[in-house]
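Student: This is the structure, below, for whatever I ask next.
The values are calculated or read from the model by the stated rules, or taken from the named source; none is laboratory data. Computed from a prediction, not measured in an experiment: that's the story for all the values here. Glycine gets a Cβ as well: all are built from the backbone with ideal geometry, and neighbour counts include every protein chain shown.
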Amino acid sequence: NTTITLTNVSETYNIKKCQHLFVDVNLTDLAIGLILLALSLLVLCSCLVLIVKLLNSMLKGQVALVIKKIINTDFPFPFGWVTGYIAILVG
């Protein structure tokens, strides 16, 4: 009787260390993911607030009056029911 033993050998070549923000931090993947999620939500919310402030400052004065006049009008009799839907599509 002859016994043959096969071994599984893995060899690695040219391994490079990753280059990212949390390379040498001893945190789990979950903790790093939660930190990045919180930062991305903070950036997203601040960008949305800045966009709203920018649009609000741009739409003051004559432009705001024209927009209110156009959006708040009612169509004649047969198309009166469409007014709200068009305002939703425009706005």
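Student: So is Leu21 surrounded by 10 or more Cβ atoms within 10 Å (Cβ to Cβ) and either under 30 Å from Ile67 (Cβ atoms) or hydrophobic (A, V, I, L, M, F, W, C) (or both) or not?
Tutor: Here the answer is no, as Leu21 does not meet what is asked.
Student: Look through region 68-84, keep the residues that are aliphatic (A, V, I, L, M) and modelled with pLDDT under 75, and return whichever of them is surrounded by the most Cβ atoms within 10 Å (Cβ to Cβ).
Tutor: Of the residues in region 68-84, the ones aliphatic (A, V, I, L, M) are 70-71, 82.
Keeping just the survivors that are modelled with pLDDT under 75 gives 70-71.
Details: Ile70: 10, Ile71: 12.
Here the residue is Ile71.
Student: Quick test for you: out of Lys16, Lys69, Lys60, pick the one residue that is farther than 30 Å from Leu89 by Cβ and either touching a helix residue (DSSP H, G or I) at 6+ places or on another chain (Cβ under 7 Å) or among the charged types (D, E, K, R) (or both).
Tutor: Exactly one residue qualifies, and that residue is Lys16.
Student: Got a sec? Which of Asn14, Asn8 is at positive phi and either touching an Asp or Glu at 6+ places or on another chain (Cβ under 8 Å) or modelled with pLDDT under 80 (or both)?
Tutor: Being at positive phi and either touching an Asp or Glu at 6+ places or on another chain (Cβ under 8 Å) or modelled with pLDDT under 80 (or both) holds for just one of Asn14, Asn8, which is Asn14.
Student: Let me ask you something else. Of the residues in region 54-67, how many are modelled with pLDDT of 80 or more and either assigned to a loop (DSSP other than H, G, I, E, B) or aromatic (Phe, Trp, Tyr) (or both)?
Tutor: Number of matching residues: 1.
Student: I need every pair where a residue in region 1-28 that is within 19 Å of Leu39 (Cβ to Cβ) and of a type outside the set (S, T, N, Q) has its Cβ under 9 Å from the Cβ of a residue that is at pLDDT below 85 and part of a loop (DSSP other than H, G, I, E, B), sequence separation at least 6 or different chains.
Tutor: Sorted first by the residue in region 1-28, then by its partner, the pairs are Val23/Lys17.
Student: Looking at Ile51, is it modelled with pLDDT of 80 or more, in a helix (DSSP H, G or I), β-branched (Val, Ile, Thr) and exposed (fewer than 10 other Cβ atoms within 10 Å of the Cβ)? Can you show your working first?
Tutor: Details: modelled with pLDDT of 80 or more: yes; in a helix (DSSP H, G or I): yes; β-branched (Val, Ile, Thr): yes; exposed (fewer than 10 other Cβ atoms within 10 Å of the Cβ): no.
For Ile51, the condition - modelled with pLDDT of 80 or more, in a helix (DSSP H, G or I), β-branched (Val, Ile, Thr) and exposed (fewer than 10 other Cβ atoms within 10 Å of the Cβ) - is not met.
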